[in-house]
Each structure stands twice: as structure tokens, then as C-alpha cells.
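This report concerns only the one structure given below.
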Amino acid sequence: MKKAFTTLALFCVYLSLFATVKIGALLPLTGGVSAFGDLVKKGIELAQGERGTVLGEKIEVVYLDTRSEKTEAANGAARLIDKEGVIAIVGEVISGNSLAAGEIVEKKKVPMISPSSTNPLVTQGKKFVSRVCFIDPVQGIALAEFASKTLKVKKVTVFTDVEQDYSVGLSNYFMERFKKYGGQVLQVQYKSGDQEFSAQLSQALSYGSEAIVVTGYYNEIALVAQQAKSLGYKGYILTGDGADAPELIQIGGQAVEGLYFTAHYHPDAQITSVSKKFVDAYTKKFGSKPSTFAALGYDAYMLLVEAIDRAKSKDPERIAAAVRSIQNFQGATGIITIDSNGNPNKDIIIEVVKNKQFAFAAVISANSLK
Ligand code: PHE
């Protein structure tokens with residue numbers, strides 16, 4: 001009897017050596033916004049290197065490529081939960097994909113933390129979806145405030161990517177506030193993947209735009225900037241966080257110099273005790289300064305692991321509740337308190353492209369943006 005018990009105990013110890021906590025990483029690793037996914041992955045890898053165990057078990061991260069598409073994001077979330085047995089997910093990166101994946105995780109009651117999806121609907125009415133970034137109503141107001149009060153422009157053309165929930169939302173929040181400040185707006189449309197913007201640009205030019213505001217992602221932003229400059233446009237180009245990938249400068253070159261955008265993070269803005277350590281560790285591991293996505297990916301992973309630790313359980317429902325109760329979490333991108341809607345209240349950074357680099361221009365405090 002005693003021998004059987006000892007054998008069983010040894011067997012359990014043996015099993016626990018191999019037990020892991022499985023976390024899914026649902027990312028666009030190929031397709032239109034793969035630059036975003038690759039960078040988030042680096043942030044997660046760094047974080048896992050620093051905090052690789054929780055509840056006394058090793059953390060295993062299962063990566064799943066959404067190919068930058070909504071259907072794949074939804075299918076991928078289901079696969080991670082049903083086939084891989086993950087207890088929580090970091091992802092997706094862009095809002096449209098997080099909306100699609102969010103429907104699934106909500107039904108299956110597994111928590112998901114998006115590093116970077118800013119559309120308010122991503123978490124609205126959901127218990128299991130949270131994020132570590134600010135949301136578009138706040139970002140839209142910050143951009144409108146910067147355009148009106150700092151740059152003092154009165155007439156703008158807004159370029160909206162009608163295929164992206166992110167872009168449609170951000171355009172609306174920007175326009176609403178910009179008009180409130182007395183500004184005039186012409187809105188033109190395009191679609192992700194478009195290469196040719198001359199029709200929209202000639203409208204923007206004949207409207208007499210002092211600024212062109214592109215609310216989409218880096219590929220199209222870079223092309224709009226190039227084509228605008230070649231038509232002789234001399235005004236400002238403003239965008240939201242969708243510009244924030246090194247590819248913007250690689251694709252846009254000289255045409256994106258002077259472009260202003262709202263951002264989540266800049267490595268020179270060392271806001272918390274974690275920020276500096278993060279920049280040093282990242283630079284050592286990857287040989288370059290961290291991007292916004294790497295920092296947000298790092299924070300999403302770290303916050304999730306902290307929640308698992310506090311939940312003292314692998315039960316996804318308890319972990320989801322623990323995520324929502326986190327306060328004053330010291331992240332690389334700032335201090336994060338997740339509210340009851342799954343959103344943090346974070347400051348917004350304004351950056352400008354200068355000498356082929358993203359330069360820090362200003363900070364707009366979240367509390368001033370109501
Ligand atoms: N905020 C964008 C979205 O919701 C994604 C993004 C985040 C893009 C950060 C660039 C930088 O789709």
C-alpha cells in the first residue's frame with residue numbers, strides 16, 4: 001500500500017515537471033499588417049524570457065498566425081482554445097481581427113488581452129476581452145486637439161480606410177471633435193491594399209486642406225504621403241497609431257518626414273521603473289531599440305501572467321476576473337489600471353518623423369481629454 005502511494009506521489013511529481021501553463025498568442029504573422037505581428041512577438045519573447053513560470057509551472061506560448069484576416073482570427077482563437085487547450089490569449093493586434101476573435105473567446109469564456117486594438121467595440125459589453133492600450137475616442141480627441149490647438153489648422157481632409165473598423169471609428173472620433181473646435185472637414189475613402197490615391201488627393205488639394213489626416217495603417221499612409229508630395233502638397237500629414245511601424249519610414253522615405261501621429265509609446269519616454277529595464281533588455285536581445293508593438297506585446301503578456309498568478313488558478317474565468325482587477329501595473333508603456341470595461345486610461349504621445357526616425361514631440365495627458 002505504502003509503496004503504491006509512493007509510486008503515485010513520484011508519478012505526480014514526474015507529471016508536474018512536464019505540466020505547463022499554455023497561453024495562446026494570436027498574431028498577424030503574415031499578410032497586410034505582418035510587421036505589427038512580428039514586433040508583438042518579439043515583445044512576448046522577451047517577456048517570456050524574464051517571466052517564464054507561473055503557479056509553479058513553465059509557461060508555454062502557442063503562436064497562431066491570423067494572416068492579418070478576420071476569419072482566420074476567429075478560427076485561430078477557436079483552434080487555440082479547443083485544440084491547443086490554452087487558458088488565455090494575447091492578441092489580436094488590429095481592431096477588426098480582435099473584434100472577430102473576441103466573439104469566440106467571449107463564448108468560450110477564455111480571457112484575451114489585446115496589446116494594441118484601440119476600437120472601443122473590441123471590449124464593449126465583453127467580460128473576457130481586455131487591452132493594455134488606450135482607445136480611439138481618446139486618441140481621436142488627442143489628434144483633433146493637436147491639429148486645432150497646436151498646429152492651428154482649420155481645414156482638413158480625412159482619409160478613411162472603409163475596410164478597417166479601426167479607421168472608420170478613429171475618423172469619426174477625430175471629425176466630431178475637430179468640428180467642435182470649429183474646423184472644417186472633407187472625408188474621402190479608400191480600401192486596405194489600394195495603391196493609387198490620386199482621385200482622393202486631387203479632392204483634398206482643391207479643398208485647400210491644411211492637413212491630410214490618414215486614419216489607416218502604415219502601408220497606405222506611406223503611399224498617400226508619397227503621392228501627395230509628388231502632387232506638390234505642402235501641408236501637414238497627420239495620422240493615428242496605425243503609422244507606428246518602422247515600415248512607414250522604409251516605404252515612405254522622404255515623403256513621411258514631418259508626419260505627426262498619436263502613439264502609445266516611445267523608448268525615450270521612460271515613464272515607469274520597468275520602462276528603462278525593458279529598453280535595455282530589448283536592445284541587448286534584438287540589437288535595436290524596441291518598437292511600440294514590442295512594448296505593448298511585452299505589457300500584454302506580463303499583465304496576463306500577473307493575473308494568472310493573482311487568480312492562483314488555471315481557471316480561465318478566474319483569470320479573466322483577475323485581469324479586470326489589476327491596478328497600477330508597472331508596464332513598459334506606462335502605468336496600467338484596467339477598468340470595468342477592460343480598458344486602461346493612458347496618456348497619449350505625439351510623435352513626428354524626423355531624419356528617418358520617430359521623434360518624441362509631446363505628451364497629452366489622458367485626464368485632460370474629456
Ligand atoms: N490601433 C490599431 C488597431 O486597433 C492597431 C495599431 C496599434 C497600429 C499600434 C499601430 C500601432 O487596429
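The values are calculated or read from the model by the stated rules, or taken from the named source; none is laboratory data. What you see is a predicted model; the values in this text were computed from it and never measured. Methodologically, a virtual Cβ is constructed for each residue, glycine included, from the backbone with ideal geometry; neighbour enumeration extends over all protein chains shown. These area figures cover heavy atoms from the full protein model, side chains too; ligands, DNA and RNA do not enter into them. Shrake-Rupley method; radii C 1.70, N 1.55, O 1.52, S 1.80 Å.
State which entries of K22/K107; K109/K277; K149/K180 exceed 24 angstrom in Cα-Cα distance in the structure shown. List each step's numbers first, then the result.
Working: K22/K107 19 Å; K109/K277 34 Å; K149/K180 12 Å.
Distance filter (> 24 Å) returns K109/K277.
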Over the chain, average the accessible area per residue using a 1.4 Å probe and give it in Å², no decimals. 42 Å²
In vacuo Debye sum over C-alpha of region 1-113, base-10 log of normalised intensity I(q)/I(0) at q = 0.11, 0.13 Å⁻¹, listed in q order, is -0.42, -0.53
Using alpha carbon centroids, what distance separates region 219-289 and region 174-193, in Å? 22 Å
Phi to ³J(HN,Hα) by Karplus 6.51 cos²θ - 1.76 cosθ + 1.60 over region 288-305, Hz, x for Gly, Pro: 8, 5, x, 8, 4, 5, 4, 5, 5, x, 4, 5, 4, 5, 4, 5, 5, 5
Amide H neighbours of S114 under 5 Å, counting only residues 5+ apart in sequence or on other chains, H built in-plane at 1.01 Å? G91, S130, R131, V132
For the chain, find the longest principal axis of its Cα atoms and tell me its angle to the long axis of helix 273-286, 0 to 90°, nearest 10. 90 degrees
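Working with all protein chains in place, sort F5, F286, F36 by solvent-accessible area computed with a 1.4 Å probe, largest first. Let's see the in-between values first.
Values: F5 135, F286 60, F36 5 Å².
From most exposed to least exposed: F5, F286, F36.
How long are the semi-axes of the equivalent ellipsoid of region 57-214, taking √(5λ) for every eigenvalue λ of the Cα gyration tensor, in whole Å from largest down? Provide the component values of the computation, followed by the final result.
Numbers: eigenvalues 264, 58, 24 Å².
Equivalent ellipsoid semi-axes, largest first: 36, 17, 11 Å.
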Under the rule rounded for a/c under 1.5, else prolate if a/b exceeds b/c, else oblate, using alpha carbon gyration tensor axes a ≥ b ≥ c, region 60-140 is classed as prolate
Relative contact order of the chain: what whole-number percent is it, with Cα pairs under 8 angstrom and at least 6 residues apart? 17 percent
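With Rg and the Kirkwood Rh both taken from Cα atoms, where does Rg over Rh land for region 176-245? Working shown, then result.
Numbers: Rg = 11.9 Å, Rh = 12.6 Å.
Result: Rg/Rh = 0.94.
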Given 191-201, 211-221, the highest-first ranking by average Cβ count within 10 Å works out to 211-221, 191-201
Amide H contacts of K22 (H built 1.01 Å from N, under 5 Å, at least 5 apart or other chain): E60, I87
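Could you please state how large a percent of the accessible area of the chain is carbon and sulfur, counting protein chains only and using a 1.4 Å probe? Mind dumping the intermediate values first?
Working: 8130 of 15440 Å².
The C+S portion of the solvent-accessible surface of the chain is 53 percent.
Working with all protein chains in place, sort I104, I319 by solvent-accessible area computed with a 1.4 Å probe, largest first. Can you show the working numbers first?
On the way: I104 35, I319 0 Å².
Putting I104, I319 in descending order of accessible area: I104, I319.
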At what distance in nm do the modelled label points of E103 and N367 sit from each other, each positioned 7 Å from its Cα along Cα→Cβ? 4.0 nm
Shape descriptors of region 223-319 over alpha-carbon atoms, Rg and Dmax in angstrom, are 18.5, 60
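In percent, how large is the relative contact order of region 99-173, given Cα pairs closer than 8 Å and 6 or more residues apart?
27 percent
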If you project the alpha carbons of the chain onto their three principal axes, what span does each projection cover, largest first, in Å? 90, 38, 35
